[in-house]
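As structure tokens, the structure follows; a few thoughts come after it.
Rule-based calculations on the coordinates, nothing more; no lab input. Remember, predicted model here, so these are calculated numbers, not experimental data. Virtual Cβ from ideal backbone geometry, glycine too; neighbours counted across all protein chains shown.
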Amino acid sequence: MNALSLLSARIVCRLVSSSFIVRRTIWNRSFGSDDRFEFVMEPYKKGLERSESCEFESLRCDDLSVRRGFLEDSKTDAGKVLEVLKQDGPGFDTLVALDELQLKVSGVLVREVLRGILRSINVLNKTQCAKLGYKFFVWSGKVENFNHTAGSYHMIMKIFAECEEFKAMWRLVDEMTEKGYPVTARTFTLLICTCGDAGLARKVVERFIKSKTFNYRPFKHSYNAILHALLGIKQYKLIEWVYQQMLLDGHSSDMLTYNLLLYARCKLGKLDQFHRLLDEMARNGFSPDCHTYNILLYVLGKGDKPLAALNLLNHMREVGSDPSILHFTTLINGLSRAGNLDACKYFFDELSNNGCTPDVVCYTVMITSYTVAGEHEKARELFDEMVIKGQLPNVFTYNSMIRGFCMVGEFEEAYTMLEEMESRGCKPNFLVYSTLVSYLRNAGQLSEAHKVITHMVEKGQYAHLVTKFKGYRRC
DNA sequence: ATAGGGTTAG
């Protein structure tokens, strides 16, 4: 019995049995809140304490403190540069002022300055940010004993992308090529992300495929590199097109190509084509590997076929490809999308019997499963449990919890969660704010929604994304 | 060494 025949077996089964459910240890809320805070802060502190706690290794300690000093100096210098750039305008010679700072220009300094500019971009200052960024980029590139890296090219390209200076991005790619910098998947991704229409995106792909300077390592050929980059930015439809180009160009698929295509087709929901490719793969003598199994588990989960998934897991063990925590997480995620919470719970309990330990991703997926199934209290319990077990919630976890509180209308608790993540050094991303704002708006709490946006902008974050809130109106 | 698991709401 192989995986392919298992998959085509249309076994529909829901595992609804409370006997599978092991009662979890529940966070004892009588712990003082300070205990809890300390507990959670611990892992974040670890990273900070490393340089202080190595007094017995004086050599390492010196290295680290020198390095830290250099980083801090670079940040201070970057601040000075940004101050100078702010004064740019008629009657102020920015380039002379930059020279007068007499700074030691380093890669770190350039990165910090460009990062600073990137952070400050908003709707109103785009043109100015692009101009200043480029002015600094050119200036620093001329400093003696300093050369830009491909990384700094990518940063200025990112600034141009945010400022919608697309032609300037292309000029930079030409410049990179002329000067012999490696044009990589990162360069490709930056360009493709700014393509509003499919036609333009195809042109970018064509240019990279034909390019003789495209550095597509570690992949065997540029097609796989491009397919992989497209998967990373969820451009599934383009993946199909690139795949067709690849075949027209006379390349044959390898294991990576098949897996990338399978992934794209399952994300597009094209299951017929998915199965066709799976058959073709088998015909060409390729056996499913751990990546393929992962995709298959997702498909079985999303198709609400827990029994078939169970069989596939057994099959994996038989062929010596033991399922890992990744496989269980993928499966639970799929089952959650199918709305089969009982099966999610079953496999979440089952993974420990398979030598796996749930990590932050797995807990987050399970918390999300409870949340979308409307079992917010269970989600809260699991959140507490993961903290006890030493798994550090991240921005995905917090977003899921915040969404849960919003769904049950507990906005005060959602704000508390937001404050908590901020105080623990977990920086909210745009999506976290977007979640809060959407739910507040839908609940008719417009002024509260506005407060969240103001809070976000005051934090100095994502000002350029304000217009991307759903139903945004200037008010 | 090199590819693999998780986000809105509509």
Net charge dipole size for region A:186-287 [Lys, Arg +1 and Asp, Glu -1 on Cβ; Debye, nearest 20]: 320 debye
Stick to the Cα atoms of region A:69-181, pair each with every other, and give me the Kirkwood hydrodynamic radius in Å at one decimal. 14.3 Å
Excluding residues on the same chain fewer than 8 positions from A:Lys451, give the aspartates and glutamates whose Cα lies under 20 Å from its Cα. A:Glu410, A:Glu412, A:Glu413, A:Glu419, A:Glu420, A:Glu422
Extension length gain for A:Leu247 and A:Asp289 (0.36 nm per residue less Cα distance), in nm, is 12.9 nm
Please compute, for the alpha-carbon atoms of region A:288-383, the extent along each of the three principal axes and give them in descending order in Å. 40, 25, 18
Relative contact order (%) - criterion: Cα under 8 Å, at least six apart; region: region A:288-383: 26 percent
May I ask which of A:Lys142/A:Lys427; A:Lys220/A:Lys267; A:Lys86/A:Lys203 have a Cα-Cα span longer than 26 Å here? A:Lys142/A:Lys427; A:Lys86/A:Lys203
Please list A:336-347, A:124-135, A:367-378 highest first by mean number of surrounding beta-carbon atoms within 10 Å per residue. A:336-347, A:367-378, A:124-135
For A:Thr357 paired with A:Val457, estimate the spin-label separation in nm (one decimal), with each label point 7 Å from Cα along the Cα-to-Cβ line. 4.6 nm
Positive end of the charge dipole of region A:148-257 (Lys, Arg +1 and Asp, Glu -1 on Cβ, about the Cα centre): tell me which of A:Ile209, A:Thr189, A:His221 has its Cα farthest that way. A:His221
Taking the highest mean first, how do the peptides A:275-283, A:106-114 order by number of other beta carbon atoms within 10 angstrom per residue? A:106-114, A:275-283
By the gyration tensor of its Cα atoms, with a ≥ b ≥ c the square roots of the eigenvalues, what is the shape of region A:393-475: rounded for a/c under 1.5, prolate for a/b over b/c, or oblate? oblate
Which of the aspartates and glutamates could be linked to A:Lys104 by a straight reach, that is with a Cα gap under 16 Å, when you skip same-chain ones fewer than 8 residues away? A:Glu72, A:Asp73, A:Asp77, A:Glu112, A:Glu144
